[in-house]
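Notes follow once the structure below has been shown.
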Amino acid sequence: MKPCLEGPIIRLFAELIPSLGLGFWIGRIKPEWTQALARPLVRFGVPLSVIGLLLKSGVNGDLLATALIAMAAITSWMLALQALPPRLRPVQTPTLQIGCVLGNTAYFGIPVALALLPSHALPMSIGYDLGATLLAWSLGPFWLQRQAGGLRELCSHLGASPATRGLIGALIVQTTPWREAFASSLWLPSRIIIILALV
């Protein structure tokens, strides 16, 4: 007997459609509101959400391996894209190229994974997003500027990433006896932050 996906799909759309619709509506009438929300959300909310998601899924070798595979796959695709003659490239500008290979994996992909995939698939979804985010923040600025940078600049970009701060926070909490308590208490705020980011 096939498992019924009707309930999870309805819950997924009940979460995604209002969030995306509200964001679209706000963006049309008051675009400056989303800018005011985005800065604190990226600076404080995303690291908190990453900590909650990582603690829920568990920071382990499988998650880190998925992050490395994601980084390797995305880098390979970006290099393959550049190897094509300019007239054969499906997208030309650096901004669109990064958008095509990265997309919005976390704020759209994680709700989909939570709704439709079994719980043991969550670390893979989070690992992919972690790898993609770290890659975007570390090498993305160099790609956009079309210039090479030094190790100090690379470390500076990586340190500014909300994913890096979230990963460091999760690794610190993971070593404490309160890991389970933190995981439980941060799960709901993590989901709320994802919904706000969708908006």
Regarding the stretch 14-100, what's the average projected area of the Cα-atom convex hull, expressed in nm²? 8.6
Less than 14 Å from a label point 7 Å out along the Cα-to-Cβ axis of LEU144: which backbone N atoms in the stretch 33-75 qualify, by residue? 39
Which whole-Hz couplings ³J(HN,Hα) result when phi for each residue of the stretch 29-37 is put into the Karplus expression 6.51 cos²θ - 1.76 cosθ + 1.60, θ = phi - 60°, listed in order with x for Gly and Pro? 9, 9, x, 5, 5, 5, 5, 5, 7
Please identify, among ILE29, ILE168, ILE110, the residue showing maximal mean-square fluctuation in a Gaussian network model of the chain using a 10 angstrom Cα cutoff. ILE29
With every protein chain kept in place and ligands, DNA and RNA left out, what is the accessible area per residue of the chain? Probe 1.4 Å, answer in Å². 60
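For the chain, what is the mean residue ellipticity at 222 nm derived from helices alone (per DSSP H run of n ≥ 4: -39500 (n - 2.57); sum divided by total residues; nearest 500 deg cm²/dmol)?
-24500 deg cm²/dmol
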Within the accessible area of the chain (1.4 Å probe), percent carbon and sulfur: 71
Would you work out the charge dipole size for the chain about its Cα centre, treating the Cβ of every Lys and Arg as +1 and the Cβ of every Asp and Glu as -1, and quote it to the nearest 20 debye? 360
Which value in nm describes the separation of the simple spin-label points at LEU151 and LEU81, placed 7 Å from the Cα toward the beta carbon? 2.9
Using a Förster distance of 22 Å, how high is the FRET efficiency between ALA65 and LEU116, based on the Cβ-Cβ distance and rounded to 0.05? 0.45
Starting from the Cα of LEU158, step 7 Å toward the Cβ, then list every residue of the stretch 78-95 with an amide N under 20 Å from that point. 78-79
Please identify which residues in the stretch 47-78 have an amide N closer than 14 Å to a label point set 7 Å out from the Cα of TRP187, following the Cα→Cβ vector. 52-58
Please list 3J(HN,Hα) in residue order for the stretch 16-26, calculated via the Karplus relation 6.51 cos²θ - 1.76 cosθ + 1.60 where θ = phi - 60°; whole Hz, with x for glycine and proline. 6, 5, x, 5, 5, x, 5, x, 5, 5, 4
Regarding the chain, what whole-number volume in Å³ per residue does the convex hull of its Cα atoms give? 163
Do any chymotrypsin sites (Phe, Trp or Tyr not before Pro) in the stretch 80-133 lie in a loop, going by DSSP, with at most 14 other beta-carbon atoms within 10 Å of their beta carbon, and if so which? none
Just want to confirm a number: the relative contact order over the stretch 9-166, from Cα pairs under 8 angstrom separated by 6+ residues, in percent. 33
If each of ILE17 and THR175 carries a label point 7 Å out from its Cα toward its Cβ, how far apart are those two points in nm? 4.7
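The values are calculated or read from the model by the stated rules, or taken from the named source; none is laboratory data. Given the structure is predicted, the values throughout are model-derived calculations rather than measurements. Methodologically, a virtual Cβ is constructed for each residue, glycine included, from the backbone with ideal geometry; neighbour enumeration extends over all protein chains shown. Protein only, heavy atoms only, side chains kept; ligands, DNA and RNA dropped before computing areas. Shrake-Rupley method; radii C 1.70, N 1.55, O 1.52, S 1.80 Å.
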